[in-house]
Amino acid sequence: MYPGTHAQARADQPAIIMAGSGETVTYRELEARSNRLAHLLRAVGLKRRDHYAVFMENHSRFIECDAAGERSGLYYTNVNSFLTAGELAYIINNSLSQVLITSQARRKVALEALRECPNVRLCLIVDGPGEGTRIRNLDEATAEFPATPIGDESLGAAMLYSSGTTGRPKGILRPLYDQPVAEPHPVLPSYMNNWRFREGMTYLMPAPLYHSAPLVGAAGTIRLGGRSSSWSGLTKSSSCISSRNTA
C-alpha cells in the first residue's frame, strides 16, 4: 500500500478508482492522507508492532487506512464488513486493536461493538461526523498533522483473520522485518511475480478488501504505480476475481 516514489513521479495519476461512481484518489492524495493518518496514530500512542482495525466496505478511503499502518510499523486488521457487533468486538479485542476506522455505512455496527471494546482509544469515521472525543471524523482528526512522513517510518503489515470454521476466527500474525518501507514485505514479491504484475497496470478489484487476495492485489498495484479499480462492496460476494491489463 506504500505509494513510495510514485507520489512524486505519478502525483496526479489515479491510484484508486471507484468503478461505480468514478471517484478517484491520486497518488499525491494517497501519500498525503496516509502520512497524516500515520502521524495521528503515533499521536494517540501507537508504536511499532501495535494494532488497529479497519471495518468498512470497499471505499475510496480504505487503502489509505492500510497504507498508514504499512508505513508506520503497525499491524492493521481488515475486518469482514458483514460481521455483527459482537463478532466485530471479538476481533477488535482479540487483535489488541487500539484504534478502529470505519465508515458511515458501518457506523451503527461499529459503535455498538465499541461498547464492548474498552481498550479502543479512538474510532475514526472516514465519511461521517464524529461524536465527542472518542469518535471523530477522519479528516477533522488528521487536519492538524503534516502531509509528510513520520520521522520513524518502518514497515508494517496486515494481520488478517481466518474464517472461524473451527471455532473463533484466528489472527495470522506475520513477523515485521527491519527493512525500509520502500521495500515490500518479503511475502509480496512472490505473489506479484506469480500473478504477473507489471508497472503501470490496472487492477480490477470486485472482491472485498478484508480478504487477503484483493488486499495483496491492491498492495502490489500501488507498489508498481498502477491503478486499483474497486467496486463499493456494499453487497456480499463469495468470489475473489481480478482482472489486469496494461495502463
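Just so it is clear, none of the values below were taken in a lab; they were calculated from the coordinates. Only a predicted model underlies this, so the values are computations on that prediction, with no experimental measurement involved. Backbone-built Cβ (ideal geometry, glycine too); neighbour counts: all protein chains shown.
For a quick check: sort Cys65, Cys123, Cys117 by the number of other beta carbons within 10 angstrom, fewest at the front.
Result, fewest neighbours first: Cys117, Cys123, Cys65.
In deg cm²/dmol, rounded to 500, what helix-only [θ] at 222 nm does the chain give when every DSSP H run of at least 4 residues adds -39500 (n - 2.57) and the total is split over its residues?
On the way: 8 runs with 72 residues, N = 247.
Computed ellipticity for the chain at 222 nm equals -8000 deg cm²/dmol.
May I ask you to list, by number, the DSSP H helices of the chain whose Cα span along the axis is at least 20 Å and whose average Kyte-Doolittle hydropathy reaches 1.0 or more?
Details: long enough: 27-43 (24 Å, -0.78).
Taking the DSSP H segments of the chain (at least 20 Å long, mean hydropathy at least 1.0), we get none.
Among Leu30, Asn194, Tyr76, which residue has its Cα positioned farthest towards the positive end of the charge dipole of the range 6-245, with +1 placed on the Cβ of Lys and Arg, -1 on the Cβ of Asp and Glu, and the dipole taken about the Cα centre?
It is Asn194.
Please get the size of the charge dipole for the chain, origin at its Cα centre, with Cβ charges of +1 on Lys and Arg and -1 on Asp and Glu, quoted in debye to the nearest 20. It would help to have the intermediate numbers written out before the result.
Working: 26 positive and 22 negative charges, 95 e Å.
Dipole size: approximately 460 debye.
Could you work out how much longer the chain between Glu144 and Leu188 gets when fully extended? Use 0.36 nm per residue separation minus the Cα distance between them, nm to one decimal. Spell out each step's value before the answer.
Numbers: separation 44, 0.36 × 44 = 15.84 nm, distance 3.32 nm.
12.5 nm is the gain from fully extending Glu144 to Leu188.
Using the basic label-point model (7 angstrom from Cα toward the beta carbon), what is the Thr84 to Thr133 distance in nanometres?
3.4
Could you check the simple spin-label distance between Val44 and Ala213, using points 7 Å along Cα→Cβ, in nm with one decimal?
In this crude spin-label approximation the distance works out to 3.2 nm.
Only residues of the range 42-71 count here: report those whose backbone N is under 16 Å from the spot 7 Å along Cα→Cβ of Glu112, or say none.
Zone members listed by number: 56.
If you take the charge dipole of the chain about its Cα centre, with +1 on Lys and Arg Cβ and -1 on Asp and Glu Cβ, which of Gly164, Ser95, Ala7 is farthest toward its positive end?
Highest projection toward the positive end goes to Gly164.
Run the simple label-point estimate for Thr5 and Arg168 please: 7 Å along Cα→C-beta, distance reported in nm.
The two pseudo-label positions are separated by 4.5 nm.
Which part of the range 44-62 falls in the paramagnetic zone of Asp178, meaning amide N under 15 Å from the point 7 Å along Cα-to-beta-carbon?
So the set is 48-49.
When only C-alpha pairs under 8 Å and at least 6 residues apart count, what is the relative contact order of the chain, in percent?
Relative contact order comes out at 23 percent.
Using a Gaussian network model on the chain with a 10 Å cutoff between Cα atoms, which of Met205, Met192, Met56 fluctuates the most?
Met192
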